Each structure stands twice: as C-alpha cells, then as structure tokens.
C-alpha cells in the first residue's frame, strides 16, 4: 500500500481509497474545503450527510460540504449517544465511507481529539488517509465530554486547549497543509468559563495555535456574534446556541460570516418523513406506499446509486469481461 510521506505533495486521499469521482486533474478535497471556507461572495452551508447514500443525493442537489457529527451521523450508524463512547477509528471509518462516496469535501467531528496530543496527531493522520478534508476539535475535557447544549459542559485550561490544536495543526502540516483544522469553542456556556473567556480563546486558537477556522458554540444574541466576529480574522462560524432561531444566509453575510452551520436539518427531515410513512403504513398497509408513489409521479427523486465509473455493477461487468479473456 502507498505510504504517506511527510511534506510530500500528495492527493487528499490514499490511492487505495479514492472516490469514483477522482480524476487526475481533480481538485483535492482538502484544497476545495480550504477554498470554500475562505470564500467571501456567498455563504457556505454546512449540513450533515446522514450516510453515504444520502450524501450522494445531497451532492446531486448541490451540497458543497458535509459534516460528519459524532452523535448525528456516527451515532446513526452505531446507535450510540454522543457521550464520548465512540472511538476515533469508528468516526474515521464512517466519515471516510462518506468522503469516498462523493466529490464534495467532508469534515469529521473530532470531539476532544480522542486522547492526548499523540492521539490528536494520529487522528489527523488517519483522517487524511481516509480522504477526509478537515476535522473539528472541541476544547472540552476528555473526561466529562458532553454533547452540544447538554448540561455540565466545561472547558480545559487555555494552554491545554492550545496544545491540543497545535498538535493537530503540526500534524496536518507534515502531511497535507490544505487539510482544515477547526476549533470549536464551548466556553460561552461552560460551567467554568464565560463569554469574555470565549473571546480570548477564539483569538488564541486562531493566532497562537494556528487553526484554520474557529466556531463559537452557544451565542445568546446577535451582539455576541458581532463581538466574536470582531476578534478573529478569517473563517468563523457559530452554532445556533441560545439564539431563538437560525439566522438566514443574508443575515450571516451582513454579520461578515461566510459559513452557516446547519448540520442537523437533514436528520430532522428524514426522521419526520420516515415517521409519517411508518404511521401511515401501520394504519393503511400497502395503500400508504401506493399513495406515496402516486404523490411523487410528477416529482421524481434520485436514487443514490454508484455511478457508472464507480465501484458498482457497471465496473463489475467490465472487469468480469476483461478478466475472462485469455491469451
């Protein structure tokens, strides 16, 4: 197998893991993600691809980037909650499957880095090998890690957080400088911190640790978003937090924010559609399916099949014919 060599110009993914969308002249996923997060003329919407099949449908609909959350996506495969129970390799495996199925870049939820600084380094290396374009890393402690918006969130000391991010940045610089490291700051609602501390941390994560992108968790107002935006240059985003609603793309632009964080939308749409159909099916049986088919007759939807040039039935047939020839 091809081994990654430090400081070598390399594709965004191991050759053995390349997506069917890869071509010799294709832009690497890491390079594409870096371009997208630095774009200023329009907002980049970040959504969860619930699985590889859904990611293919999202791509056909114009999705530009995906975020594989530990709870929302990896937890969807395993059935486990986002309470620190999922391992780094489980997250890399699921995110890698999705990244290798589409051409848009995929970001992985790295939680707290899954361990000490050496574990953070390994996580970044494994992400790059799997074709993942970036990773989001939290500033929560490994022990006591909480799901976003759960009670009891705390943050590690600033110097410890900076060390965690520096480990990630140094490792990606050894293998692929375009790989994106994102810092998620939980200080705003942390039991041992404050909003003012979150401003200090956002600035330090960017300037001292050298991360590519910072995100504020749990703003309480537009004014807080403005203040956070003012302390950092470059890619910045925020979660909905304690805001009463999600801000529109136009509102993002007006705040000088070019990345919108909407990952959970896709899950709720899927859950609601499945819930409605299952209840209808339990009540009316096959008539529920027949009515669904009739309702979509003039509104066709794509099936997430492997493309003709991918590792699917068409390639299988071509290879079987090739390998059956003798002489």
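Please go through (1) part of a helix (DSSP H, G or I); (2) closer than 30 Å to residue 147 by Cα for residue 289 and return the number of the only condition it doesn't satisfy. (2) is the only condition that residue 289 fails.
Quick check: anything in the range 52-74 crowded, with 17+ Cβ neighbours inside 10 Å and over 24 Å from residue 267 (Cα atoms)? No: the range 52-74 contains no residue that is crowded, with 17+ Cβ neighbours inside 10 Å and over 24 Å from residue 267 (Cα atoms).
Residues that are touching a helix residue (DSSP H, G or I) at 6+ places or on another chain (Cβ under 7 Å), without any contact (Cβ under 8 Å) to a residue 60 or more places away in the chain and over 16 Å from residue 235 (Cβ atoms) were ranked within the range 173-193; the one that is surrounded by the fewest Cβ atoms within 10 Å (Cβ to Cβ) is 193. When you look at residue 98, is it surrounded by 17 or more Cβ atoms within 10 Å (Cβ to Cβ) and touching a residue at least 60 places away in the same chain (Cβ under 8 Å), yes or no? The answer is no for residue 98.
Of the candidates 212, 170, 159, 233, the single residue that is closer than 27 Å to residue 127 by Cβ, surrounded by fewer than 15 Cβ atoms within 10 Å (Cβ to Cβ), in contact with a helix residue (DSSP H, G or I) (Cβ under 8 Å, 6 or more places away or on another chain) and assigned by TED's automatic domain parsing to the domain that holds residue 109 is 233.
The values are calculated or read from the model by the stated rules, or taken from the named source; none is laboratory data. All of these numbers come straight from a predicted model, not from anything done at the bench. We place every Cβ from the backbone using ideal geometry, glycine too, and count neighbours over all the protein chains shown.
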